[in-house]
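Bear in mind that the values in this text are calculations on the coordinates, not laboratory data. This one's a predicted model, so the numbers in the text were calculated from it and none came from an experiment. FYI the Cβ positions are ideal-geometry reconstructions off the backbone, even for glycines, and counts take in every protein chain you see.
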């Protein structure tokens, strides 16, 4: 409450920014009424699809990715073109076969290191180190462990000479023969740069959408994973791998947790029910006294707008066997309501005897908040203290103050002893890529963002995680790419930056659909500036969803 009283005098620049932002964004919300309609869409009507209403199209992420242009088919390819009839599943493709998801090789490729690269614009590979998952990855995870595609990855040091990586939603080789789908069979649209997914189709219909192209018409079968078990393409909501490579330029995984030969198993399960709990997404991990801890988000649904999702709650799980089995804490969790909504995508970072938890709201618009807790009390929610702007307060009895503001999501934080700085990586919509910020203290002030991986070079990137063995001026981090649906290791050379003056305080900036840039430091709006940025019409809060869990065991 004290922080709120001190912040009451608004800085003039904040008022101007707020007013200009509201005026500029008014047009973006003109269709918001339609997003609230309860009418059930006719997904088999083959509606004309268009690029989502987002200026930074390169940053499109679930659930409406823009697929890179497909090569123009030859005459022979056109002769063999498959025509998909609405409602006719017999003619629909039944497995990956497009350029993004090459079929796995039937034989184990052995120890020869893969040379796969991310999808780039103009062949840019600066900063790229190695491909970590999928076909042609460094360790050929598709053939060795049936990890052909994986979402965001989080890394941490297990305290015993290993790096543990937990991946988000993971997919494997084509579904078993005869396994069906409960999803609508067809999405189509004109043109070769086809957004293959409508916002009305839930996430489990991704990422394996098979594309066929004939002339100027692109068609895709949207139902290959389904929403009920058995799910196609070997969907696992998360998987876990181990590495002990000290030369990060040659990073390699020695093993995954498996449940049979050549098959990575699911680690922390989810209900897999769209609108209740579709996945359990790892967001960070740390080790304390030989015990492993991972923060996770219980996701209710992805969408309906690009870069948005709805969480049920965030929590912390613990493992006493190096990640083989996990137990969700019944105390350390934060339901997506009230002030706790600011910690729906937590990132844990330890320094000395204190653990800091950096949090963001669901989606990629908002701010970063910070809490702290003694390392020995990490599973005791009552022991957490939250930064209120000028003091640490025990308990979330009032709104905490954001330490960074903007279009931020998926934060990763680590203290660098060599630089004597806290380092923060995040997906940054306003700056169209993955950015780095530095600070002398967890509560800031934080420096202006520096782009370390740009979506102008690597389209559809998101979800960076700092490699814990980065040192000196070398920063290694994972980078996920939606258009290829795989994870890559990147490198950036960084220098220590001076401690900035505190940013001006600005009032809360409301955004379309109920999202917001929170009350706190003025955001660095990047290019384009906020007045010219077009944001999604629908960025909704938790809403209904009866029966959705509000905590572990719910």
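Give me Rg over Rh for region 400-467, both radii from the alpha carbons and Rh done the Kirkwood way, two decimal places.
0.96
Please work out the C-alpha center-to-center distance from region 467-509 to region 403-444 and express it in whole Å.
After rounding, the separation between the Cα centres reads 6 Å.
Using Cβ counts within 10 Å as a stand-in for footprinting exposure, how do 287, 252 rank, fewest first?
252, 287
So, by mean Cβ neighbours within 10 angstrom, what's the order for 241-251, 427-437 with the highest one leading?
Top of the packing list down: 427-437, 241-251.
Before anything else, pin down the relative contact order of region 357-498: Cα pairs under 8 Å, at least 6 apart, normalised by residue count, whole percent.
16
Write down the radius of gyration of region 236-375 and its Dmax, each obtained from C-alpha positions, in Å.
That works out to 15.9, 46 Å for Rg and Dmax.
Only counting other Cβ atoms within 10 Å, I'd like 350, 341 sorted with the fewest neighbours first.
Least to most surrounded, the residues fall as 350, 341.
How big is region 445-504 along each principal axis, measuring the range of its Cα positions in Å and listing the largest first?
40, 29, 16 Å, listed from the longest principal axis down.
Between residue 375 and residue 448, what is the label-point separation in nm under the 7 Å Cα-to-beta-carbon projection?
With each label placed 7 Å out from Cα toward Cβ, I get 3.7 nm.
Give the residues of region 243-272 whose amide nitrogen is closer than 16 Å to a point set 7 Å from the Cα of residue 160 in the direction of its Cβ.
Inside the label zone: 243-245, 254-258.
Relative contact order, percent, of region 366-446 when contacts are C-alpha pairs under 8 Å separated by at least 6 residues?
Relative contact order comes out at 23 percent.
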